[in-house]
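Notes for the one structure printed next.
Please treat every number below as a calculation from the coordinates, not as lab data. Just so it is clear, the structure is predicted and the values come from calculations on it, not from any experiment. For neighbour counting, all protein chains shown are included, and Cβ atoms are generated from backbone atoms with ideal geometry for every residue, glycine included.
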Amino acid sequence: MSYRRRYLVLADGSIYKGYAFGADTETVGEVVFTTANVGYPESLTDPSYKGQILVFTSPLIGNYGVSQDQWESDSIQVNGVVIFDLTKPSHYRSTMSLDEWLKSQGIPGVFRVDTRALTVKLREYGVLMGAIANDPERGLHLLKDAPPYDSVNFTEMVSPREPIVYDGEDPCIGIIDCGVKLGIVRELTSRGVKVVRYPCLMWQRALDDCDGVLISNGPGNPILLGDLTDLVTDVVRDRKPTLGICLGHQLVALGMGARLYKMKYGHRAINKPVVDLIRGKVYITTHNHGYAVDASSLRDTGLRVWAVQPDDGTVEGLYHEYLPIITTQFHPEARPGPVDTRWVFDKFIGMVKGESSWI
């Protein structure tokens, strides 16, 4: 089978040749990479990737096909996909190939790209806007007209329009849904509690109607979400047990007065170590974030660091010194990564029930 040429064009003028797969269309997005060797269906359906073109550093992608029980939302969320080798699926649970899946969802891909060179580029220079196009000049034109990733509010694009209820026993956990992964919902419902996903701008209903709140992961620049950082003021007022995950972690920090910064190329993987400073343990965890909390800005916030990433010192977990608030920058639901930190949900539900503290 012959494939036609397709290109990834970066904002600095770099051009990476490859071949087309997936949908016959073009796209623009922030180009980021993940070092995960497995879990491509989970990654591609993670709402936190909205607005981004995802590069897989693993050379073999597609070899176990696609089955819907691996999805973290109801559709592919990335703008585009860049890989080295497009493999044919060989797994009894597969219902379609990666190529067929991208075609069905209107997402373009490029394969046989030198992903090693591309990853080195992004590590050295930082993430860049990029375009997937059938012609390099066309790619540059698309980039010229595209808004910067950091200027777009992607969160409202992936948040539901109406509340979604999952029946269970008390207590009720209200998810302030900024683009929640279904793995987080499953972790809560598997513990028998009632769960309600609220659109991110309906956060007041979550505070009013539920016993505890979870501020979810999601895409984009947290600085744009001023309405959501306001909710932290009410969380403090009501002493509402709260868990913030990824974007939620950042919003809690912002709402308490801390600062954030954009990372050079972020953490996107399923093999990132996290050091638990309280328990003296190291966990291997799933990450997907391009922003981080500035540890030097935490002094007067009441927040304390309980977890860090040992490679670069990134703040990976916070707790409040006297309020029932905990956060994780990493993904404790472990989709698709290791299950080292699922205990975070047990601790959170214990806090909501008044049965245990964070420490």
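Restricted to the range 179-199, and to residues there that are among the aliphatic types (A, V, I, L, M), under 19 Å from PRO41 (Cα atoms) and in contact (Cβ under 8 Å) with a residue 40 or more places away in the chain, the residue that is surrounded by the fewest Cβ atoms within 10 Å (Cβ to Cβ) is LEU182. Among the candidates GLY22, GLY51, the residue that is in contact with a Gly (Cβ under 8 Å, 6 or more places away or on another chain), more than 19 Å from TYR7 (Cβ to Cβ) and not hydroxyl-bearing (Ser, Thr, Tyr) is uniquely GLY51.
The set of residues in the range 188-211 that are farther than 19 Å from THR341 by Cβ, out of contact with any helix residue (DSSP H, G or I) (no Cβ under 8 Å at 6 or more places or on another chain) and either assigned to a loop (DSSP other than H, G, I, E, B) or among the aromatic types (Phe, Trp, Tyr) (or both) comprises GLY192, CYS210. If the condition is being touching a residue at least 60 places away in the same chain (Cβ under 8 Å), part of a helix (DSSP H, G or I) and not small (Gly, Ala, Ser), then the range 109-144 contributes THR115, LEU118, THR119, LYS121, LEU122, ARG123, TYR125, PRO136, ARG138, LEU140, LEU142, LEU143. Taking the conditions (1) within 20 Å of the chain's Cα centre (by Cα); (2) outside any helix (DSSP H, G or I) in turn, GLU162 satisfies each one other than (1). For LEU214, the criteria (1) surrounded by fewer than 24 Cβ atoms within 10 Å (Cβ to Cβ); (2) assigned to a strand (DSSP E or B); (3) among the hydrophobic types (A, V, I, L, M, F, W, C) hold in every case but one, which is (1). Residues that are among the aliphatic types (A, V, I, L, M) and surrounded by 22 or more Cβ atoms within 10 Å (Cβ to Cβ) within the range 261-319 comprise ILE270, VAL274, ALA292, VAL293, LEU303, ALA307, VAL315, LEU318, listed in sequence order.
Selection of first residues in the range 326-343 that are touching a residue at least 12 places away in the same chain (Cβ under 8 Å) and surrounded by fewer than 19 Cβ atoms within 10 Å (Cβ to Cβ) and of second residues that are of a type in the set (A, V, I, L, M, F, W, C) and not in a strand (DSSP E or B), restricted to Cβ pairs under 7 Å at least 6 apart or on distinct chains, gives the following pairs, ordered by first then second residue: ARG342/ALA334.
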